[in-house]
Amino acid sequence: MSRIPLVVLLFAALAAPASARRADAFYCYWVDAPAKEAGVTAIFPGDRLKQKSITGVFAMDMQRHQPNKSRKYECPWMAEPEDAEEERAGFVATHRDLGFDVRPLAWNPMTR
């Protein structure tokens, strides 16, 4: 076997998992425990390296619309969109079971 086909096969084997991997995914939420309210966004694709800045922008945007609220702001990230959707659905179900009014949020980091 010549060196060129071996190198091509090795490259193809190493590149396949990387190309099959999709981008990280995230959603954002806020929780106002004293008021028993929560808000949750849709799932978005993203780059995990921007996690802190996305969470900060989300919090800033939410506080701009309703200042002086005692809320926890968070944007969980997952490696796959399906995992993010599963976690998001769990967040909604858990908080509704606890008696929270969970609202969908129209916030979109791509169009803000």
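The values are calculated or read from the model by the stated rules, or taken from the named source; none is laboratory data. Just so you know, these numbers come straight off a predicted model, no measurement behind them. Cβ: placed from backbone, ideal geometry, glycine included. Neighbour counts: every protein chain shown. SASA here: full protein model, heavy atoms, side chains in, ligands and nucleic acids out. Shrake-Rupley method; radii C 1.70, N 1.55, O 1.52, S 1.80 Å.
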Open item on the list: For the pair residue 66/residue 110, report the inter-label distance in nm, with labels modelled 7 Å from Cα in the Cβ direction.
Closed with: 2.6 nm
Task: Virtual spin-label span in nm between residue 85 and residue 101, 7 Å along Cα→Cβ - done: 2.9 nm
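Kindly report the accessible area of segment 27-112 per residue (heavy atoms of protein chains, probe 1.4 Å, no ligands, DNA or RNA), in Å². Mind showing how you got there, number by number?
Working: 5100 Å² over 86 residues.
It amounts to 59 Å² per residue over segment 27-112.
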Open item on the list: What does the extension gain come out to for residue 51 and residue 93, with contour length at 0.36 nm per residue minus their alpha carbon separation?
Closed with: 12.7 nm
